[in-house]
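Heads up: the structure comes next, in structure tokens.
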Amino acid sequence: MSLKKCSIRDVAALAGVSISTVSRILNNHEKAKTIPPEVHKRVQECARQLEYVPNANARRVFSHRAGIIGLLVPSYRQMKMHIFEDGHLRRLISGIEEGLGENKYRLLLIFNDEQFQENREYMSLIRSQDIDGLLVWGAQPDEEYWREPVEAGLPVVFAVTLPGKPEAPFNYVINATREGARRALQLLLDRGHRRIMYLRETGKARFLVEQMDLAVREMEQQRPDLKLEWVDISRKCEDLPVERFRQPLPPTAILSYNYAMAEEAIGVLAAAGYRVPDNLEVVSCYSFQSEKGWVSTIVVDDFEIGRLAAEAIQKLIEQPDYRVRLEVPAELIQRKTTKAQ
């Protein structure tokens, strides 16, 4: 056959069927289920023979699909850093690519800035049909507006964090943050520590911190012998009360919100003459996978979260009643900031 660009009309003529039949079969339309299998096979063979490539705009008209999945991330102003400096997000995107695999969807990056929220641009995503579904990274507990687009029918899957509690009526694939914090604290308890300083992040990671707080508070209530000192860190570790380690009955270990905070705390303590792990042990509750790490930490699998989230949003697009609520287990890795046993 000729290699010149052909149209859906050419495929229909060669297969001896209508244009709408070809469209339904090639776009996996719901009505294609009623078409006999032999017609499916004939249309697909004719399309391959003609090397037919569907027009993206035409495909949207006939299938009501854009072939695009949005990935919403916080803006530079919200993050107060370049988003691709975040190792968690880079790994998540790689997982999303894996989850999309050889399927027909492409990924569109969208920034969640003030305009997106104030102008309710999340609703225009539904009306314009520019995307078929939305993956959201970086949602926070106070973002109550998410109920509106979800209830209006926009397929949405939240990755890593949620705009509310895990029991909220949203589809999500998140890290098992509460369980990770519990395991990190249990490691210090197993090593005999009872006076522990818990360093909390008070900035942008509110959902993650809330989940960690729940785990720490539960264990605090279960262990009367545990003496936890809660310390809020608002800007790196300039707020770290180093003088507390010079007072009677000082903390013997530190439980840190994440890896970066643990490193900063260790640096501040080293400048004051304290050595880790000789004088005190340090464990982080949250980190991404890295072969260069040296802090004992909970390591989350952002790649797997991204992969599962991508698979989930595709199922949700095809099956609006589909529900996914997954918490991906993390791994506890012991390194140089806890003593070898």
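Every number here is computed from the coordinates shown, using simple stated rules; none is lab data. For clarity, every value in this text was computed on a predicted model and none was experimentally measured. So basically every Cβ, Gly included, is an ideal-geometry build from the backbone, and we count neighbours across all protein chains shown.
Relative contact order for segment 177-300: 29 percent, from Cα pairs under 8 Å spaced at least 6 residues apart, divided by residue count. Listing 104, 292 from fewest to most neighbouring C-beta atoms within 10 Å gives 292, 104.
Comparing 67, 180, 192 in a Gaussian network model of the chain where C-alpha atoms under 10 Å apart are linked, the largest mean-square fluctuation is found at 192.
Annotation: aspartates and glutamates with alpha-carbon distance below 15 angstrom to residue 33 (same-chain offsets under eight excluded): 318.
Cross-link pairs exceeding 26 Å in C-alpha to C-alpha distance, out of 104/292; 165/204; 227/292; 204/339, comprise 104/292; 227/292; 204/339. Within 10 Å of each candidate Cβ there may be at most 12 other Cβ atoms; applying that plus a DSSP loop requirement, which chymotrypsin sites (Phe, Trp or Tyr not before Pro) in segment 180-267 survive? Passing sites in segment 180-267 do not exist. Size descriptor for the chain, Kirkwood hydrodynamic radius: 22.9 Å (Cα pairs only, one decimal). For the chain, the longest stretch holding no GluC sites (Glu not before Pro) located in a DSSP loop with at most 15 other Cβ atoms within 10 Å is which? With a cap of 15 other Cβ atoms within 10 Å, the longest stretch comes to 168-237. Rounded to the nearest 500, the helix-only mean residue ellipticity at 222 nm of the chain stands at -11500 deg cm²/dmol, with each DSSP H run of n ≥ 4 adding -39,500 (n - 2.57). Within the same chain, aspartates and glutamates fewer than 8 places from residue 315 are excluded, and of the rest, those with a Cα less than 16 Å from its Cα are 30, 97, 98, 102, 132.
From a point 7 Å beyond the Cα of residue 121 in the direction of its Cβ, which residues of segment 137-152 have a backbone N at a distance under 19 Å? Of the residues in segment 137-152, 137-140, 143-150 have backbone N under 19 Å from the label point off residue 121.
Projection of the Cα convex hull of segment 177-300, averaged over all directions and equal to a quarter of that hull's surface, yields 7.3 nm². Mean sequence separation of contacting Cα pairs (under 8 Å, at least six apart), scaled by the length of the chain, corresponds to a relative contact order of 18 percent. Cβ crowding within 10 Å, taken as a proxy for footprinting-reagent exposure, orders 88, 82 from fewest neighbours to most as 82, 88.
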